[in-house]
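Nothing in this text is a laboratory measurement; each read-out follows from the coordinates by a stated rule. All values reported here derive from a predicted model rather than from experimental measurement. Don't worry about glycine lacking a Cβ; one is built from the backbone with ideal geometry, like all the others, and counts go over all protein chains shown.
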Amino acid sequence: MTMTLTNKIKAQMYQSVRENYTYIVFAVMTVIYLLTDLLELADEGSSDVSGSYMFVLSADGMPFILNMLALIYTAVICGGDMIDRTMNYELLDGAKRSDVYFSRFLVGLFWSLVSCTLILVLPIAAVSAAAGWGKMLTVGAAARRTLFLLAPIIRLVSFYTLLTFLITDYRAVIGIGFVLGQGELIAVMLIQESGSLGIDEKLFDFLALPSLTRIFDVANIGFGYENGEDFYIVKQVMNLSDDLRCAAINLVIAAVYVVAGYLIFRKRDVK
């Protein structure tokens with residue numbers, strides 16, 4: 001990493017730390033996440049509230065939350081300076097295009113990974129501290145899922161970086177990213193519910209948001225029995241090799257997006 005790139009990263013980090021949107025976006029997504037889980041909890045009517053139960057409960061809405069965090073942070077950090085021509089001034093001042101591009105990509109990746117990890121961990125940790133972890137899912141299984149979820153998030157950031165440098169309008173990117181993300185989830189849901197197409201679900205690893213759903217792997221719920229009591233338990237479908245395969249596919253596709261985004265930026269003028 002060159003000194004110029006390091007300085008660019010520091011400048012972008014300093015700017016993002018001082019911007020209100022950095023904290024507002026996370027706060028809004030956290031509120032949406034908590035409200036969604038509370039509504040689902042009320043609908044389920046279960047009194048067995050625990051950290052593991054909340055982790056499983058959050059799996060339905062979490063791909064949307066993670067996608068929006070990666071989308072908004074990446075689009076604003078990579079594209080915000082295109083609106084006021086700050087990026088143009090940097091290039092006219094002699095900055096390398098590679099430094100301008102990768103500094104924004106890396107800072108967008110940083111905030112996306114940090115925000116997604118926090119929203120995955122902190123609410124569950126708070127519930128666990130208050131009500132215990134529970135028996136629905138082991139701590140190790142939840143930690144493994146959280147770790148592997150980072151691969152599709154990296155892919156999302158890489159794609160939205162490419163899209164932002166292609167379109168050069170972060171507001172349009174946010175709109176397009178929202179539609180594409182929801183479209184992926186709806187298409188896969190329809191395919192799964194049809195049950196007649198014979199499509200191997202491993203093919204969903206080539207799509208970003210369905211990868212998140214597959215890694216959560218909480219659809220197969222059965223019953224456990226201990227000390228005379230029945231309780232819900234998640235029966236794992238994805239083994240370690242499945243998780244590794246899914247992560248590898250997402251990271252390879254992410255690398256392609258990053259390179260493609262840079263090639264686009266290198267050959268075009270900034271508006």
Inset, instruction - Please list, in chain and number order, the residues 5+ apart from residue 233 or on another chain whose amide H is under 5 Å from its amide H, with Hs placed from the backbone. - result: 222, 223, 224
Legend entry - Label selected from (i) 0.98; (ii) 1.02; (iii) 0.94, the criterion being Rg/Rh (Cα atoms, Kirkwood Rh) as computed here: (ii)
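Compute the convex hull volume of the Cα atoms of the range 85-196, divide it by the residue count, and report the result per residue in Å³ as a whole number. Mind dumping the intermediate values first?
On the way: hull volume 18.1 nm³, N = 112.
Value for the range 85-196: 162 Å³ per residue.
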Legend entry - Phi to ³J(HN,Hα) by Karplus 6.51 cos²θ - 1.76 cosθ + 1.60 over the range 92-98, Hz, x for Gly, Pro: 5, 7, x, 5, 6, 4, 4
Inset, instruction - Mind sorting 111, 133 by how few other Cβ atoms lie within 10 Å of their own Cβ, fewest first? - result: 133, 111
Legend entry - Top of 21, 53, 257 by mean-square fluctuation, Gaussian network on the chain, Cα under 10 Å: 21
Legend entry - Cα-Cα separations in the range 1-115 greater than 24 Å, expressed as whole percent: 41
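Using helices alone, what [θ] at 222 nm do you get for the chain, with -39,500 (n - 2.57) per DSSP H run of 4 or more residues, divided over all residues and rounded to the nearest 500? Can you show the working numbers first?
Values: 10 runs with 201 residues, N = 271.
Helix contribution divided over all residues of the chain: -25500 deg cm²/dmol.
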